[in-house]
Amino acid sequence: MAVNEGKEAALSLVDVAEDEELREALAVLAGSDPNQCSYLQGYVKRQAVFACSTCTSEGMEPTGVCLACANHCHDGHDIFELYTKRNFRCDCGNRKFGSFKCKLSPEKDGQNSKNLYNHNYFGRYCSCDRPYPDDDDQVGEEMIQCILCEDWYHSKHLGCAVVDSEELLEMVCESCMNRAPLLWTYAAYFATSPVTSKEDEDVTVVGDEEEKETLKETLHPYRNGHDVPSTSQGCQKEQPTLNGTRAISHKRTHEEMESTSSACESENSPCKLKELKAKGLVRPRVGAVFWPYCWRSKLCTCTSCKRVYVEAGVQFLLDESDTVLAYENRGKALLREDLLMSCLNSLDRVQQLEIIYQYNDMKAELHAFLREFADQGKEVTPEAIRTFFEELQARKRRRSSTGQYYCS
């Protein structure tokens, strides 16, 4: 009976996890400590950040607080989530809050000079400077975050058609593209193609027919019925939305992405930017740009280019762990660990061993399954995944019938 109860509890947790919106929201929160103020960690690479309109209102200096302070110091206040911010240090109780003191870490500097703020900290977003949710917005339009300025934009204000993709994308708004203009050169080769009514109508290419086709394929790499690059080459994409959801599926883990993108990088190679400029392709410098996940690995890492990144304030683009997806994957790992321990604690020792054995077996077999595809350079299809789990379930039934996992 206890085994069945444990399984039912696990299934209930799985049912909850099937809700994509809830899963993403939990991942954002799970990546940050709910009880310890993050101030002592310094400027955290990425964390969940909140603003409190009870303590700081219009006309005051903007402030942000960590998850723990939102829970303990600002409980009952009018706070709103800012999703995640990079390189942020908790402001709770510093000089900007006047006499209000942080309950978790009261000894703080007067201000955090390296924190970057925008109108999000007063509950306003996008180039239209409107709140979210917006009572005047009858459509309830989804918003997309720029990975550079980390502001949120309505799709209608991006200056381009939003790329309809089954994968995750990273978006850079037009203002940030102009702030780091070298990105326009990369966009001509690695970003998703601008959407036009006729894909090739505005493409003018000089040369023989073979050269024309080659350049057209470069300008429109997702033609012939394909909206996005094949996942078999390791290009996954990230496009967070303000409510924590994504209209996208089939994401890989950060570790898998690192293994594919690291192979594309070489600091000893010639300047990639100069090589791309020499090829002569250009992209209209208008509107936001959507990028496949692996685009950061294409950036040049020569000394000259690194200097340009620093001057533009975008040096974090060379850090693959900077992405929201990497942060969420860490949160999901912690969340899975907590859920597993919760399930195991409800079982006796023999039942715990049974679950652990089965988990380790599944992990080993899944690793071997994925490794086979990787070694052969094949794409992992939904059909192959379904077949794998069907066979795994069949083997599990055979083992259970022989009592293989029950031992004292």
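The values are calculated or read from the model by the stated rules, or taken from the named source; none is laboratory data. Treat the numbers as computed from the prediction; the structure is a model and nothing was measured. As a convention, Cβ positions derive from the backbone with ideal geometry for all residues, glycine included, and neighbour counts pool all protein chains shown. For accessibility, only protein heavy atoms count, side chains too; no ligands or nucleic acids. Shrake-Rupley method; radii C 1.70, N 1.55, O 1.52, S 1.80 Å.
Apply the Karplus curve 6.51 cos²θ - 1.76 cosθ + 1.60, θ = phi - 60°, to the phi angles in the stretch 134-144 and return the couplings in whole Hz, x for Gly and Pro.
9, 4, 8, 8, 6, 8, x, 5, 5, 10, 10
How much net charge surrounds N118 when only other residues with a Cβ under 12 Å from its Cβ are counted (Lys, Arg +1; Asp, Glu -1)?
Local net charge: -1.
Pull up all non-local amide H partners of M143: gap of 5 or more, or a different chain, and H-to-H distance under 5 Å with H placed in the peptide plane.
Excluding prolines and chain starts, which carry no amide H, the hits are L242, N243.
Leaving ligands, DNA and RNA out of it, report the carbon-plus-sulfur percent of the accessible area of the stretch 53-127 at a 1.4 Å probe.
47 percent
Residue by residue through the stretch 64-77, what is 3J(HN,Hα) from phi via Karplus (6.51 cos²θ - 1.76 cosθ + 1.60, θ = phi - 60°)? Round to whole Hz and write x for glycine and proline.
Couplings: x, 10, 7, 4, 4, 5, 4, 6, 9, 8, 10, 4, x, 7 Hz.
Residue by residue through the stretch 269-281, what is 3J(HN,Hα) from phi via Karplus (6.51 cos²θ - 1.76 cosθ + 1.60, θ = phi - 60°)? Round to whole Hz and write x for glycine and proline.
In residue order, the calculated couplings are 7, x, 4, 5, 4, 5, 5, 5, 4, 5, 6, x, 6 Hz.
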